[in-house]
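Report on the structure given below.
No value in this document is a laboratory result; all are computed from the given coordinates. Remember, it's a predicted structure, so these values are computed and weren't measured experimentally. Backbone-built Cβ (ideal geometry, glycine too); neighbour counts: all protein chains shown.
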Amino acid sequence: MNKDLILLGHGSGGKLSHQLLDELIIPTLSGTPVSGQNDAAVITHDGRRLAFTTDSYVVDPIFFPGGDIGSLAVHGTVNDLAMVGAQPLCISVGLILEEGFSRHDLRLILESMRRAADRAGVTIATGDTKVVARGSADRIFINTAGIGVFEHELELGGGNAGEGDRIIVSGTVGDHGIAVLANREGLELETEVLSDSAPLNGLVAEILREGGDAVHVLRDPTRGGVATTLKEIALQSQVSVTLLERSIPVHPQVRGVCAILGLDPLYVANEGKLLAIVAPDAAERVLERMRIHPLGKDAAVIGGVTAAEAGRVRMETVAGGMRGVEMLAGEQLPRIC
Amino acid sequence: MNYQDEFRDSRIVKGIAAHIAELAAKAGRTMTFMEVCGTHTMAIYQYGLRGLLPPQVRLISGPGCPVCVTPAGYVDKAVAYSRLSGVIVATFGDMLRVPGSSSSLMEERARGADVRVVYSPLDAVKLAERNRDRCVIFLGVGFETTTPTVAGSIISAQQLGLANYFVLGSHRTIPKPMEVLTADPELGLDGYICPAHVSAIIGADAYRPLAEQFNIPCVVTGFEPTDVMQGVQMLVRQVVERVSRVEIQYSRVVKPEGNRKACEVLEEVFEPSDAEWRGIGVIPGSGLAIREKYAAFDAERAVSVRVEPLREHAGCRCGDILRGKITPADCPLFAKGCTPEAPVGACMVSSEGTCAAAYKYGI
């Protein structure tokens with residue numbers, strides 16, 4: 001294998017992405033990752049904590065059932081800030097447009113961004129626009145960056161999961177990836193699968209209000225899906241995770257498409273779901289609170305954390321057997337976000 | 001009822017497991033069954049079924065992952081085609097990461113080759129229709145399940161008058177290698193979990209010579225957890241009763257005679273040929289070659305290319321895995337020098353590969 005080549009898998013959010021970050025990007029740029037590999041960096045300045053994050057969006061198609069590249073770009077950055085417990089304040093928008101792109105489509109995307117920002121309660125504060133020659137980019141790529149502030153002293157991070165904690169998912173898994181894939185591949189389904197793209201800061205505020213310091217980890221399982229995210233957390237926290245497959249909510253249409261295409265919904269991207277890892281005595285309360293919120297109505301406890309065998313994730317399958325759960329290897333679905 | 005949950009119900013699965021344990025105790029010895037098909041291998045790992053079986057019942061994986069049994073030279077040829085200008089290589093996603101002697105299709109794509117993932121050979125025909133100034137070469141890798149659609153794609157390309165659609169074939173038939181493995185005393189097989197979808201095409205009767213001449217129980221089994229467990233139960237019962245016959249567990253899909261229409265399409269375009277299997281060698285009559293009358297669609301005959309000399313990877317034991325001689329954990333490279341991100345052998349790459357299943361789902 002030629003080690004010099006960047007492959008599509010390096011952008012999958014799975015193992016290859018981690019390798020590229022650990023071997024090249026982080027050591028070259030900073031030496032020590034400020035973010036500790038969380039969704040956003042938490043910076044302390046003059047005694048005040050700030051959250052800072054950035055993300056780029058290359059999804060294909062740019063319009064898909066349940067969203068578009070514009071709303072996705074806003075939600076993604078808002079959610080990254082929310083996952084460290086910050087309230088998103090403002091975001092920047094960098095547009096890279098391909099020569100020949102339609103003004104009409106650009107307007108639709110910008111209007112969608114504006115609506116998404118209003119819904120999330122963030123200001124679009126600054127931006128940049130570049131146009132490249134036809135063929136140098138595919139229609140439109142968007143980068144967003146965001147700043148968030150903290151209204152509490154809580155410290156959330158992938159390294160905080162502890163023995164006995166319960167794992168809650170906020171709703172059905174795999175909706176975004178399958179919505180984009182079905183649309184891209186022209187799969188004809190009886191009822192359309194919609195992307196779950198949504199801003200999670202409102203739901204996070206509810207979770208933190210209810211759970212307080214019993215909430216140890218919040219993560220949005222985007223690329224690589226729930227499986228990859230939980231494996232990351234198990235490694236960061238040096239704990240082992242056991243899932244109960246039967247309790248993981250999956251939309252029937254998503255399950256059907258996954259069965260046909262040989263995909264595992266646990267590895268399919270979400271853009272409006274979160275995983276909350278919560279101390280056992282608060283889990284039930286947090287779950288109830290989440291279910292009152294529209295974005296958490298299908299929330300469910302899907303497993304728990306144990307101390308033995310650091311870094312392992314296992315699952316009791318629907319059939320009653322046990323199996324291991326690994327990170328996504330290679331690419332599952334390129335250009336999903 | 002959604003025709004999925006019912007077949008995955010843990011109460012039913014555990015009930016069958018209890019029956020198997022009872023029966024197996026009667027046999028009074030260890031039994032080794034081979035699941036020939038990669039999809040079964042995946043299902044067994046994915047649902048953790050091994051852990052539910054009694055210690056007397058051992059399941060081993062066989063040569064039924066088409067990508068895995070395709071020899072490295074085939075990947076080299078596909079890589080060579082992808083390097084030709086004016087060529088689009090269309091393939092199922094599984095072939096992308098399979099390492100050849102010095103490269104893979106994924107690496108070639110990163111270097112600029114036009115390699116497209118398709119879900120059906122008919123999508124490759126559409127690509128050829130839309131790109132008439134270029135050659136579209138479809139990588140026809142698969143067993144009897146896939147081959148009729150490849151045959152269909154060639155017929156459809158002919159009807160459309162396409163002169164730019166080609167198939168690089170590596171088509172194989174399943175029953176032949178099963179005969180070779182049955183005769184292997186080292187394996188000591190007691191029965192076969194026969195493929196589900198392959199059998200839907202060729203019919204369960206295709207295994208009758210195996211059961212009758214080689215005295216080995218054969219059960220055509222579905223892919224859901226309850227299917228696999230029931231298939232194992234039927235095999236154990238045959239062993240206990242000392243009989244060898246072909247039974248169909250997957251009767252909701254598979255018939256004794258198979259799918260005649262699909263077989264006719266297959267036979268129209270393909271004819272039996274000798275084929276090389278990774279790890280097993282050349283098995284006479286185990287392949288399917290494109291017939292002379294469709295030679296214009298055969299990439300090997302119609303598009304010439306220079307292929308690099310074959311270089312096997314040292315230490316790779318895919319061959320032994322595919323013959324059921326060793327389990328993934330027995331291979332010195334497994335999860336060390338060979339991982340899904342940096343695979344050495346095909347068994348770690350394919351979504352139906354035994355090593356990929358063991359790596360992804362092993363506990």
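For this structure, a couple of remarks:
- Of the peptides A:246-253, B:75-82, the ranking by mean beta-carbon count within 10 Å, highest at the top, reads B:75-82, A:246-253.
- Value of relative contact order over chain A, rounded to a whole percent, pairs C-alpha under 8 Å and six or more apart: 24
- Near residue A:111, once Lys and Arg are set to +1 and Asp and Glu to -1 for all other residues with Cβ below 15 Å from its Cβ, the sum equals +2.
- Nearest-ten-degree value, helix B:225-241 long axis tilted from longest Cα axis of chain B: 60
- Among B:28, B:48, B:100, residue whose mean-square fluctuation peaks in a GNM of chain B (springs only between Cα atoms under 10 Å): B:28
- Shielding value for B:10-16 is 3, the average number of Cβ atoms from other chains within 10 Å of each residue's Cβ.
- Charge tally in the Cβ shell below 14 Å around residue B:317, where Lys, Arg are +1 and Asp, Glu are -1, residue B:317 excluded: +1
- In the elastic network of chain A, a GNM with C-alpha springs shorter than 10 Å, the most mobile of A:173, A:93, A:131 is A:131.
- With Cα atoms defining each centre, the stretch B:189-226 and the stretch B:254-271 are spaced 17 Å apart in the structure.
- Among the trypsin sites (Lys or Arg not before Pro) in the stretch B:286-317, those placed in a DSSP loop whose Cβ has at most 14 other Cβ atoms within 10 Å are B:306, B:311.
- The packing ranking, built from the mean of other Cβ atoms within 10 Å per residue, places the peptides B:11-18, A:218-225, B:318-325 in the order A:218-225, B:318-325, B:11-18, highest first.
- For the peptides B:346-356, B:217-227, A:229-239, A:204-214, residues were scored by their other Cβ atoms within 10 Å and the scores averaged per peptide; the highest-first order is B:346-356, B:217-227, A:229-239, A:204-214.
- Net charge of Cβ neighbours under 10 Å - reference residue A:37; Lys, Arg +1; Asp, Glu -1: -3
- The stretch between residue B:273 and residue B:255, if pulled fully straight at 0.36 nm per residue, gains 3.9 nm over its current Cα-Cα span.
- Inter-chain Cβ neighbour count for B:99-111, averaged per residue, equals 3 (cutoff 10 Å, partner chain atoms only).
- Rounded Å value of the spacing that divides the Cα centres of the stretch A:195-214 and the stretch A:288-337: 18
- The relative contact order of the stretch A:8-110 comes to 18 percent, based on Cα pairs under 8 Å that sit 6 or more residues apart.
- Partner chain coverage, peptide B:87-96 - average Cβ within 10 angstrom: 1
- Degrees separating the helix B:10-27 axis from the principal Cα axis of chain B, which is the longest one: 70
- Point-to-point label distance, residue A:149-residue A:25, nm (Cα→Cβ direction, 7 Å offset): 3.0
- Contact order relative to length of chain B, as percent, for alpha carbon pairs under 8 angstrom and 6 or more apart: 23
- Amide H contacts for residue B:303 (H built 1.01 Å from N in the peptide plane; partners 5 or more residues away or on another chain; cut-off under 5 Å): none found.
- Eligible lysines near residue B:26 by straight Cα distance, threshold 24 Å, same-chain separation 8 or greater: B:14
- If R0 equals 41 Å, the separation of the Cβ atoms of residue A:41 and residue A:322 corresponds to a calculated FRET efficiency of about 0.65.
- Top of A:125, A:198, A:227 by mean-square fluctuation, Gaussian network on chain A, Cα under 10 Å: A:125
- In order along the stretch B:259-267, phi translates into HN-Hα couplings of 10, 4, 4, 4, 5, 5, 4, 4, 5 Hz, rounded to whole numbers, per the Karplus curve 6.51 cos²θ - 1.76 cosθ + 1.60 with θ = phi - 60° and x for Gly and Pro.
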